[in-house]
1. Within a 10 angstrom radius of the beta carbon, how do Val101, Val160, Val60 rank from fewest other beta carbons to most?
2. In this model, which of Lys29/Lys119; Lys12/Lys39; Lys14/Lys43 are farther than 28 Å apart at the alpha-carbon?
3. Under a point-charge model restricted to the Cβ atoms of Lys and Arg (+1) and Asp and Glu (-1), what is the dipole moment magnitude of the chain relative to its Cα centre, in debye to the nearest 20?
4. What shape does segment 48-162 have by the C-alpha gyration tensor, where a ≥ b ≥ c are the square roots of the eigenvalues, rounded means a/c under 1.5, and otherwise prolate means a/b greater than b/c and oblate the rest?
5. Order these by the 10 Å Cβ neighbour count, fewest first: Ser108, Ser9, Ser78.
6. Fully extended, how many nm does the chain gain between Asp140 and Gln31 (0.36 nm per residue separation, minus their Cα-Cα distance)?
7. Determine the shape class of segment 1-89: with a ≥ b ≥ c the square roots of the Cα gyration tensor eigenvalues, call it rounded for a/c under 1.5, and otherwise prolate if a/b is greater than b/c, oblate otherwise.
8. How much FRET efficiency would the formula 1/(1 + (r/R0)^6) give for Trp113 and Tyr79, where r is the Cβ-Cβ distance and R0 is 22 Å, rounded to 0.05?
Amino acid sequence: CTVIGIAGSNEKGKWLTEELGFDYFINYKTQNVEEELRKAAPKGVDCYFDNVGGDISVTVINQMKPFGRVAICGDISSYNATEPAKIISPIRSILFNELKVQGFRVSSWNERWLEGIHKNLRWIIDGKLKYRETITEGFDNIFKAFTEMLQGGNIGKASVKV
């Protein structure tokens, strides 16, 4: 299994590879995602957890292996968009590769929320799960923290300490 991370800063890439153990990092701001993805996964991608949407997701979906799986959790690329996206539809890749695509909303798991908290805490204690936070100080900085998070200025969970 090869784990590939795509992010917009080398600092995030360092965190992904050195701390989280990802095998490959692609900086979408400085590298050609399509070319780098082909190098990292020359036979295609099996699974894709999508928080981003937009061009990056289209690129990844178009390089999926047959019967690959996609979990769509977000569409952050559209949150700051000033104009409608001009992307090529991935429907053909989804169809011909018979991909399984499913949305993922945290609220769908409310009944198992506490179970997830306990498991995640145990994994953190055992060193199986690592996390990072970007903490902004002060209630007056909530808007700044939110804006920076949408623009990729955070690493890990964005929080405001009031």
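1. Details: Val101 15, Val160 18, Val60 24.
Fewest-to-most ranking of Val101, Val160, Val60: Val101, Val160, Val60.
2. Values: Lys29/Lys119 35 Å; Lys12/Lys39 20 Å; Lys14/Lys43 25 Å.
Among Lys29/Lys119; Lys12/Lys39; Lys14/Lys43, the Cα-Cα distance tops 28 Å for Lys29/Lys119.
3. Working: 21 positive and 20 negative charges, 76 e Å.
In total the dipole reaches around 360 debye.
4. Values: a/c = 2.48, a/b = 1.32, b/c = 1.88.
Oblate.
5. Details: Ser108 9, Ser9 15, Ser78 12.
Result, fewest neighbours first: Ser108, Ser78, Ser9.
6. Numbers: separation 109, 0.36 × 109 = 39.24 nm, distance 3.59 nm.
Computed gain between Asp140 and Gln31 is 35.6 nm.
7. On the way: a/c = 1.66, a/b = 1.17, b/c = 1.42.
Oblate shape, in that a/c is at least 1.5 and b/c is the bigger or equal ratio.
8. Values: r = 25 Å, r/R0 = 1.12.
Efficiency, rounded to the nearest 0.05: 0.35.
Every number in this text was worked out from the coordinates using simple rules, so none of it is lab data. Since this is a predicted model, take the numbers as computed values, not measurements. So basically every Cβ, Gly included, is an ideal-geometry build from the backbone, and we count neighbours across all protein chains shown.
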